[in-house]
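A short worksheet on the structure shown next.
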Amino acid sequence: MSGTIVVFLICFYAVLNVETVDLKIGLLIPQSNATGMQFSNTAAAVTVALDRAISENIFTVPVNFSVVYRLEDCIEANATGYAFEMINADKIDVLIASPCIDTAQVSANVATYYNIPVVLWGTTYDSMFSDSTVFPTLMSVVSNYKDASNVLCEMMKYFSWTSFALIYQAADDGACFAFQEDMEAVTQVREECGLAYKEPVDSWAEEDIQYTLDMLKNTARIIVMCFDEDAQLRRFALKMKEAGMDTDDYVYLTFDNDVKSAIGLEDPPFWQDQTVPPDGRDDEAFAIAKKMFVVSDDKTASMADNFKIFSAEVMQKMSQWPFFCTTCNTGQMAGPHSATLHDATYLYLLAVNRVLKEYGPIASYYRNGELVSKNLDVNFSGITGSVTLGDDGVRDSSYQFYGFDDAGVAEVYITLSMSDEGAQNLTQHFSDPATTLWRQHGGSQPLSTPLCGFKGNGCPVDIFKNYLGYIIAGIIIAIGFVCCGIGAIYYVIRLRIKDIERQNKLWQISSNSLIPMKLKGSKMESMRSLASGFSSTGSSKHTFESVKSNKFFQVFILNKERVIGIQHDVAFTTTPAMAASFRLMRNLDHENVNKFIGITVDQVPFFSLWRFCSRGTIQDVVSMPSLTMDGFFIYSLIRDITEGLDFIHSSFLGCHGFFRSTNCLIDERWQIKISDYGLADVRMHEKREPTDLLWMAPERLRSTDLTPTKASDIFSFSIVCSEIVNMKLPWEPGTHNGPDDIVYLLKKGGANPARPVLEPASQDISPALLHLIRDCWSENPADRPTITTIKNLLKSMNTGKSHNLMDHVFNILEQYAGSLETEVEERMKELVEEKKKSDLLLYRMLPKQVAEKLKLGQSVEPESFECVTVFFSDVVSFTTLASRCTPLQVVNLLNDLYTLLDGIIAEHDVYKVETIGDGYLCVSGLPHRNGNEHARHVALMALAIMKGLTRFRIVHLPQERLRMRIGLHSGPCVAGVVGLSMPRYCLFGDTVNTASRMESNGKPEKIHISADTNRFVTQIIGGFVTQLRGEVIVKGKGVMETYWLLGQEGDPNLVYEKPPAPPPDDEKYESTDL
């Protein structure tokens, strides 16, 4: 059946030349009363929506409306045919689809095919309509089951319920079938919402119902139920009551999308029996209802009143255009779903007006379904409440979560809304959950999994009752452990206190133990006549006999060794923080930081004591008029200062605080040692003379507290660098009126602040170094580079050159030696300076005390050392390799190899004894005793050599790879000088032979160590990884247990390997025996 097409003209403009748009609306609507959405009391909602659009004047162009309708009774074949007919024959511009799910789907498919806008109303809750890829032309004012499922999961998440069961009425054409599909789909993507059990109620046989109830008891306490008919829900509730499932442990959730309750047409509650006569079991059903919560669309309280007015208008217009049904209005109210039909029609009018306004009255635009339905951004007040559409074209609904009080009245506890982004605006409407939300559950929230399990057998037993004896014994044991723990903690604390006391005694020096250093004239001087500096002319002897007490420090003898004492004219009381600082200062260890020994604690003024450096300070060196330095020597001194300052800035001290050239000491190896650091609490109270402030940064001079910073250290560093570069004091006499004037100018600052003049004493100073010094004394502390930046810049200035000062010294000696024979008569004066350089070289080749005695022609008495570590190495198959080389190539090969090894040795506290062909002999622990550190230094050196050999290449045999065996042994040793002609500093003892055996019995590219050395590197000092090789028959020793040294602990490149199989008997290795 179809309605007559009648044109209803709406004239918005009186101007006749404005083009009028003809919009034809197609409507599919049931005729049968069985659907609850019948034509007789619903269809005129379209007319009401049109009247609203007219009264609100939403259109900007004249529009003629036509309405075409078909009565299809939710039959899929009818819906398909009518939709095709209206689109092709009637040329409709929009299709208001059937209000049933299946017929809405087929009619929407037809509209989608023709790209005609389609609008949903009625009970089209299925979530498939929210898929814009399937229905790109669809708009809907009806919520969907997917949102409802997400709301249920949000409630479970809100109450921390992790699992639930789903029971639904089995009817393929029912709403619950679609709901359970969407519910299961949602649980598959939301981990916090776990579906433990799902079962349709498709049989009311006693055994089937009992099975379902038993499964519910054993799998869930949160149960979601969906029944298309209230009678079926009541019937199942009675079965649950009979099964005892009305306890406080159970929570029942259901979804209600019926609009009747919102418009005042609510049906009786499900627990009331509607049969005649009633069964009298309403109270039993209500017992389940009290454990139930309902999720429904959130409708405002005024909707019922609005619907009464709307209903009267709908029924009045049923007899008017375009339906002209004079028999429809019999005094009844409009159908409840007429509200959704109104909102669907009004939604389309808003959407098509947006297209008309943007694109004009062109049919290809306003009939384009995708164009009309996309990017709606619509929000209006409809009969069903506030209507907001998401990007999927489906309504974003608001929901309420409510339960029932004792009278069966609904009480709303939570409201929230759903959008494309998920749940939003969750609001709770209760204060005390115990008396409101969980009133029907005994005042406490049920759990999704009972504490004792679903079957009640998971409750913990009464441990105290069953295991009383064990508990008492456990308590006694625990008390014992607690007592032991307290005792252990007390013991550890006592040990720590004693250790602190012991360490404090180390830096607390008695003034009675200090013996002032007294020189003994020429006798004293003759003892160190070997010492020399770097000069080209004149005498520049500068050794410890010229390093004597001065205004900056005094020289003392402490425990038979020389130390430097710096006087501090201030009284102080040692605090725990200061004591801790002194302990940490004693542990500072860096090759460019002078060792702090301690302070005198029994006199005022007190002295801070530091390790003695025989060549004095930087100021002493630059004050020597006869001493000249080349650019590399100056660079090396500045680099040493940079390394030391970098270490101090990275330590707990943070900065030096009083850095100047008198704090930069030089040892016998011409290495800078930064001294006089720390003691911040003492320096804050010391009185400073103007001469002491010549190196201080301007910002500190202007401050009253003289607080040191890293930036102020950088300024002081630049002034010291200017002394080294200029080889004279930073502020030349005569250019200023004394120290007071200089300090005043430094404080004053200004655009051109007072700074030393850079006049390099050497012509080969890098200009970049001079620019760096100027950057370091910038007036603004923020403009000064950090010490790390300075360190990196200095490295870049010496790219491709050696960083070893002694290599530079050797190069200088070689240059002098090459021209000495031809220039000996003309340059006798330089011979003295060359002799001094040779003296310096001799100090590098022999221990200082040995060299001194040899220079005096005295014999050197052998000296015993309790424990040292001896290193032996040998090149594998060197004889074979040498046979392939000329003698000159062999010499060059060994020179390259020893250059590599010497460079590595220089980085460790190891003394190179001698080389025997391709053999290499080193030792640590003599002549400088270093405690147990000898094993660590030799082990690190051996690992570095092995690593260095991987990059070593033979120039004339680039395809050959040099392999080496290394042997280590630790033990006692005797060292002494043998012979008068070409004397040699030699080692004697079984330790040397054992180390040689370790090397000869080792394997290529392996570090073979004895059990004694293994004990040192793994137990005494630790930090290394070794591998047991096993027992080895050693010549002259018998069977020895030996190890392989693999590397250091924490090395990410370290790979553990099983010990290789013993080599064949016929495999031979070269060895060097002593």
Item to check | strands (runs of 3 or more DSSP E) lying entirely in segment 576-693 (those with 1 or more residues that are charged (D, E, K, R)) | outcome: 606-611, 672-674
Next on the checklist: Looking at the structure I just gave you, is Leu901 assigned to a helix (DSSP H, G or I), within 29 Å of Gly971 (Cα to Cα), modelled with pLDDT of 75 or more and assigned by TED's automatic domain parsing to the domain that holds Asn1001?
Outcome noted: yes
Item to check | Meets criteria (part of a helix (DSSP H, G or I) and either crowded, with 23+ Cβ neighbours inside 10 Å or at pLDDT below 95 (or both)) for Tyr82 | outcome: yes
Checklist entry - Restricting the first residue to segment 404-428 and requiring it to be at positive phi, which pairs with a second residue that is part of a strand (DSSP E or B) and crowded, with 18+ Cβ neighbours inside 10 Å meet a Cβ separation below 9 Å and a spacing of at least six or different chains? => result Asn425/Ser398; Asn425/Leu416; Asn425/Ser417
Item to check | Single match in Met684, Met696 (criterion: of a type in the set (A, V, I, L, M, F, W, C), at pLDDT 85 or above and more than 23 Å from Glu591 (Cβ to Cβ)) | outcome: Met696
Checklist outcome for this item: How many residues of segment 776-800 are of a type in the set (D, E, K, R) and closer than 17 Å to Gly644 by Cβ? The answer is 2
Checklist entry - Going through segment 653-682 one residue at a time, which ones are under 24 Å from Leu729 (Cα atoms), touching a strand residue (DSSP E or B) at 6+ places or on another chain (Cβ under 8 Å) and surrounded by fewer than 19 Cβ atoms within 10 Å (Cβ to Cβ)? => result Asp667
Next on the checklist: If I filter segment 935-954 for residues that are at pLDDT 90 or above, within 21 Å of Arg984 (Cβ to Cβ) and part of a helix (DSSP H, G or I), do I get at least one hit?
Outcome noted: yes
Checklist entry - Filter segment 302-352 for residues that are at pLDDT 90 or above and of a type in the set (Phe, Trp, Tyr); which is nearest to Val119 (Cα to Cα)? => result Tyr348
Checklist entry - Would you call Glu907 surrounded by fewer than 16 Cβ atoms within 10 Å (Cβ to Cβ), under 22 Å from Asn811 (Cα atoms) and assigned by TED's automatic domain parsing to the domain that holds Val978? => result yes
Checklist outcome for this item: Matching residues in segment 60-72 (surrounded by fewer than 19 Cβ atoms within 10 Å (Cβ to Cβ) and over 17 Å from Pro322 (Cβ atoms)) number 2
Checklist outcome for this item: Reported set for segment 174-198 where residues are of a type in the set (Val, Ile, Thr) and over 13 Å from Ala148 (Cα atoms) is Val189
Next on the checklist: I need the full set of residues from segment 184-220 which are touching a Leu at 6+ places or on another chain (Cβ under 7 Å) and outside any strand (DSSP E or B), in order please.
Outcome noted: Glu184, Thr187
Item to check | Residue that is closer than 30 Å to Ile222 by Cα, outside the structural domain of Asn587 (by TED's automatic domain parsing), of a type in the set (A, V, I, L, M, F, W, C) and out of contact with any Phe, Trp or Tyr (no Cβ under 9 Å at 6 or more places or on another chain), where the choices are Cys452, Cys483 | outcome: Cys452
Checklist outcome for this item: The one condition Phe159 fails out of (1) of a type in the set (Phe, Trp, Tyr); (2) touching a strand residue (DSSP E or B) at 6+ places or on another chain (Cβ under 7 Å); (3) not assigned by TED's automatic domain parsing to the domain that holds Phe39 is (2)
Checklist entry - So is Leu416 more than 30 Å from Ala49 (Cα to Cα), among the hydrophobic types (A, V, I, L, M, F, W, C), at pLDDT below 90 and in contact with a helix residue (DSSP H, G or I) (Cβ under 8 Å, 6 or more places away or on another chain) or not? => result no
Checklist entry - How many residues does segment 402-444 contain that are in a loop (DSSP other than H, G, I, E, B) and among the basic types (Lys, Arg)? => result 0
Item to check | Candidates Val870, Val860 - the one that is in the same structural domain as Val955 (by TED's automatic domain parsing) and either closer than 20 Å to His969 by Cα or free of Cβ contacts under 8 Å to residues at least 24 places away in the same chain (or both) | outcome: Val870
Checklist entry - Does segment 880-898 include one or more residues that are without any contact (Cβ under 8 Å) to a residue 60 or more places away in the chain and part of a loop (DSSP other than H, G, I, E, B)? => result yes
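Conditions (1) free of Cβ contacts under 8 Å to residues at least 12 places away in the same chain; (2) outside any loop (DSSP other than H, G, I, E, B); (3) not β-branched (Val, Ile, Thr), marked per residue:
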{"residue": "Leu745", "(1), (2), (3)": "yes, yes, yes"}
{"residue": "Ala754", "(1), (2), (3)": "no, no, yes"}
{"residue": "Glu759", "(1), (2), (3)": "no, no, yes"}
{"residue": "Gln763", "(1), (2), (3)": "no, no, yes"}
{"residue": "Leu772", "(1), (2), (3)": "no, yes, yes"}
{"residue": "Glu779", "(1), (2), (3)": "no, no, yes"}
{"residue": "Ala782", "(1), (2), (3)": "no, yes, yes"}
{"residue": "Ile790", "(1), (2), (3)": "no, yes, no"}
{"residue": "Leu793", "(1), (2), (3)": "no, yes, yes"}
Checklist outcome for this item: Of (1) touching an Asp or Glu at 6+ places or on another chain (Cβ under 8 Å); (2) modelled with pLDDT under 90; (3) closer than 19 Å to Arg936 by Cβ, Gln1027 fails just (2)
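The values are calculated or read from the model by the stated rules, or taken from the named source; none is laboratory data. On a predicted model such as this, the values are computed, not experimentally measured, just so you know. In this analysis, Cβ positions are derived from the backbone assuming ideal geometry, glycine residues included, and neighbour counts consider all displayed protein chains.
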